[in-house]
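Trainee: Below are the structure tokens for one structure; questions will follow.
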Amino acid sequence: GKDGGRLDIRVVVVPCVGDDSYALRQMKSLDRATGGSGRDEDMPSILRPLPDSDYGAARRRTGGYFVFGEPAAAVLQSFEEMRDEHGVFLDLLYGAPAWSLMLQHWRTTRGDVGHGHHGRAYVGGDCPIAGRQVMYVHSGGLEGVSSQLTRYKHKGLIDARSVQP
């Protein structure tokens with residue numbers, strides 16, 4: 001075909017520590033450390049929070065990004081949904097926050113998807129996951145789930161019966 005047989009694959013980063021600018025700096029550093037140029041056009045797309053969502057006071061201060069490791073109702077909701085409805089067990093530090101952001105975009109009507117954060121808009125339907133199949137690569141472990149659930153219990157987001165002994 002016209003595309004020379006190339007596959008239409010897009011790599012998308014979901015920031016779980018810091019924001020999109022921090023994720024971009026990390027990706028550039030990794031690219032340069034492995035022999036790349038660190039050029040913007042060689043970097044993956046970065047999925048940003050939608051600007052008009054009700055994030056609560058803590059996430060409003062961080063532009064809609066989660067505070068790493070801080071218990072959040074939206075993270076717990078994504079953790080429980082993926083476990084209970086899809087049979088996917090995620091960790092609470094990386095997996096559940098990433099899925100929370102991805103689900104936020106998928107649940108937004110196509111007409112609303114496209115608005116970026118801090119004035120950086122997705123152009124048209126250029127949200128990195130809009131209309132695409134997704135292969136999620138989990139690069140962490142599940143060892144900390146029990147201790148994280150204990151933190152959620154102390155924050156009052158779950159009851160003691162939900163925490164594994």
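Trainee: Just rank 100, 139, fewest to most, by other beta-carbon atoms within 10 angstrom.
Mentor: 139, 100
Trainee: Taking amide H positions as placed in the peptide plane 1.01 Å from N, state which residues far from residue 13 in sequence (5 or more) or on other chains have amide H under 5 Å from it.
Mentor: Result for residue 13 returns 45, 46, 47.
Trainee: Order by neighbour count: 106, 99, fewest other Cβ atoms within 10 Å first, most last.
Mentor: Values: 106 13, 99 23.
The order, fewest Cβ neighbours first, is 106, 99.
No lab work stands behind these numbers, since they all come straight from the coordinates. Here the structure is a predicted model, which is why all the values come from computation and not from measurement. Ideal geometry is used to build each Cβ from the backbone, glycine not excepted, and the neighbour counts take in all protein chains shown.
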